[in-house]
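Just below is one structure, and these are the notes that go with it.
Just so it is clear, none of the values below were taken in a lab; they were calculated from the coordinates. The model shown is predicted, which means the values in this text are computed figures rather than measured ones. Counting neighbours? That spans all protein chains shown, and the Cβs are built from the backbone with ideal geometry, glycine included.
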């Protein structure tokens, strides 16, 4: 395996796609990711396939759309019959390792009834070996902080947002309150340091998944990143005058805005503080990754390491009066993707930017193809290798697709408010350069003319002038779902002469 590629697969949780200075963002500074893009390929129209974390990462790690892996919510088990990139890489002799989390809910049929993984949705992806596993409970980090002499909250879940004493910005403070821990010892630094320690000690090709929490909430950053961006100067919010006016767009949106946890605060100074700190956490991640990239260069591994940087989903951050990730708006689904392929074949494409629509389901096929592994039939995505080598694929999708399953087995409020069954709490979305179509199982559809209305305020689904467009995009969505029905065994036929196997491309 001496000539095998290393892979560093990085996810930064909840990172909006436009928030890279390489894309001309008006405020966010990401010099190290910009430099990575200059040596790799930046995918400008990259989308998650589901939200929140668990469903999105199920798609990311299996290469499957939600309609096929069916892990639709945080806590929905991922069927053990599905393979993933870690299992497939292990077949070639790699030892896939994890720094952070994968939010994989384990299949209870495969676990002992007393298994601790049946009491949390934050289990590890099957096939991956956790080296420093951190999620809601950051035990490796907080145990290390204690050994280093730092105080840790009794409930260690609150360490991520443990703020220094003082007045908060919206209450009169000069800047947002910082994390109590210095940047050298916070959770981002801890995980990146553990990653570098592992690589330094490894004497064989590695595949490491670095899954960072930031810029995911809590929106609390260490100094100086807490004050790096002026809350008064952050870009404004794409929203109507009130959340009540916003909710008139659709019954689902009205319901979502009735839930205080997901509605942006009406205190403008607080919302601006959250956005400024959100940007600051991005810049902190960028700085930490810069240290990792410098380490790879100094240790001689840079020219043999495939680097993938992306996210699981975006963040509404006040747009349409929403916080978090949900629904159908681009802010929740458009995310960054940068891939640096060190192979000589990829040299000509370095520094290029791709305008074609790409999705998280494409990442597993890409990594597997580049290490010489077979791409499983289950994968709904396609390898990005042609783009990495400066070639245009013979066929490629013309739009992006995603799904949102808003059922909640523990809370039937959406069902009661919207007159739905639990299984009807779903929506499917298709969008291209011109239009976005949103189809609900049992609610009115939405159509946005993105050329006239890029911020998705005006639903034209009932405008007679758009009826041909509605029909076209509804048919496209139906064809997409039919084309991507689960197909694991459908290319096999049992005959008198034995099984006949004939794999075929999705498109």
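Here the relative contact order of the chain, from alpha carbon pairs under 8 Å that lie six or more residues apart, stands at 22 percent. Restricting to DSSP H runs of at least four residues, report the calculated mean residue ellipticity at 222 nm for the chain, -39500 (n - 2.57) per run over all residues, nearest 500 deg cm²/dmol. Dividing the helical sum by the residues of the chain leaves -7500 deg cm²/dmol. Exposure proxy for 391, 397: other Cβ atoms within 10 Å of each Cβ, ordered fewest to most, give 391, 397.
Applying 1/(1 + (r/R0)^6) with r as the Cβ-Cβ distance of residue 95 and residue 432 and R0 = 51 angstrom yields a FRET efficiency of 0.80. When each of the peptides 341-349, 34-42 is scored by the mean number of other C-beta atoms lying within 10 Å of its residues, the order from highest to lowest reads 34-42, 341-349. Pairs of Cα atoms nearer than 8 Å and 6+ residues apart set the relative contact order; for region 1-115 it is 17 percent. Histogrammed with a bin width of 10 Å, the alpha carbon distances of region 6-398 distribute as 5, 23, 34, 27, 11, 1 percent, first bin at zero. Taking the centroid of alpha carbons for each part, region 467-507 and region 137-182 are 50 Å apart. For residue 465 and residue 416 in one chain, what is 0.36 nm times their gap in residues minus the Cα-Cα distance, to one decimal in nm? Full-extension gain reported as 14.3 nm. When both region 292-357 and region 425-447 are represented by their alpha-carbon centers, they are found 26 Å apart. Once the chain from residue 129 to residue 303 is taken as fully extended at 0.36 nm per residue, the excess over their C-alpha distance is 60.2 nm. Using the count of nearby Cβ atoms within 10 Å as a rough guide to exposure, how do 119, 129, 350 rank from fewest to most? By the 10 Å Cβ count, ascending: 119, 129, 350. Taking 7 Å steps out from each Cα toward its Cβ at residue 158 and residue 3 produces label points 5.7 nm apart. Ranking of 477, 261 by neighbouring Cβ atoms within 10 Å, starting from the fewest: 261, 477. So what does log10 I(q)/I(0) come out to for region 154-217 at q = 0.13, 0.19, 0.29 Å⁻¹, using the Debye formula with one equal point on every Cα and no solvent? The computed values of log10 I(q)/I(0) come out as -0.51, -0.85, -1.26. DSSP bridge analysis restricted to the chain gives an antiparallel fraction near 50%, rounded to the nearest 5. Note on residue 171 and residue 200: the extension gain reaches 5.9 nm, defined as 0.36 nm multiplied by sequence separation minus the Cα-Cα distance. Based on C-alpha pairs under 8 angstrom that are at least 6 apart in sequence, region 296-433 has a relative contact order of 18 percent.
Modelled spin-label separation between residue 344 and residue 475, with each label point placed 7 Å from Cα along the Cα-to-Cβ direction: 4.9 nm. With the simple spin-label model, which puts each label point 7 Å out from Cα in the Cβ direction, the residue 451 to residue 148 separation comes to 5.4 nm.
When both region 245-281 and region 18-95 are represented by their alpha-carbon centers, they are found 25 Å apart.
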